[in-house]
């Protein structure tokens, strides 16, 4: 079973209002921001305030978190948004992509970004684009052009997440380098 299906089923069994794609987007947004990731905060938002209701879904969410962190931190560009398989209907994949984008923006806000002006121009532009993608039309013809367009949006998003994350990693390294000098 794919990780997407495992997480989707676990969240449905836990009666979460958040789907697998949105859950993953939120996780990625929280892992991309300036504040240290707090798993309890992520679980609380996925559960709608009561993470005790997650029950057995926790195992799937911990696997999702471990998989995502490894992909983001691995340095080999293996990261990809968690979305339905390519053989799922295009409208379902487009809807999940929009939910993933909404989740990312929500998670990024939870990660403590108070002033978008602190981001580089490319990162700010990416977030603006992502907010437009969050409302991607799900009524699509399903032709080859639509398939190609969705694939391009997903690839752009994948690289944008890596760009934003890299900026905060670089900023953290700069802050460490600017710290006190011991003689």
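The values are calculated or read from the model by the stated rules, or taken from the named source; none is laboratory data. Here the structure is a predicted model, which is why all the values come from computation and not from measurement. All Cβ positions, even for glycine, are placed from backbone atoms using ideal geometry, and neighbour counts span all protein chains on display.
Would you check if there is a residue in segment 142-159 being part of a loop (DSSP other than H, G, I, E, B) and at pLDDT 65 or above? So far as segment 142-159 goes, yes, one or more of its residues are part of a loop (DSSP other than H, G, I, E, B) and at pLDDT 65 or above.
Here residue 80 qualifies as surrounded by fewer than 16 Cβ atoms within 10 Å (Cβ to Cβ) and touching a helix residue (DSSP H, G or I) at 6+ places or on another chain (Cβ under 6 Å).
Just to be sure before I move on: is residue 103 under 19 Å from residue 162 (Cα atoms), in a helix (DSSP H, G or I) and over 15 Å from the mean Cα position of the chain (by Cα) in the structure I sent? Judged against the criteria, residue 103 is not a match.
The set of residues in segment 77-100 that are over 15 Å from the mean Cα position of the chain (by Cα) and in a loop (DSSP other than H, G, I, E, B) comprises 85, 86, 87, 88, 89.
Just give me the residues in segment 2-34 being exposed (fewer than 13 other Cβ atoms within 10 Å of the Cβ) and at negative phi, in sequence order. Passing the criteria: 2, 12, 17.
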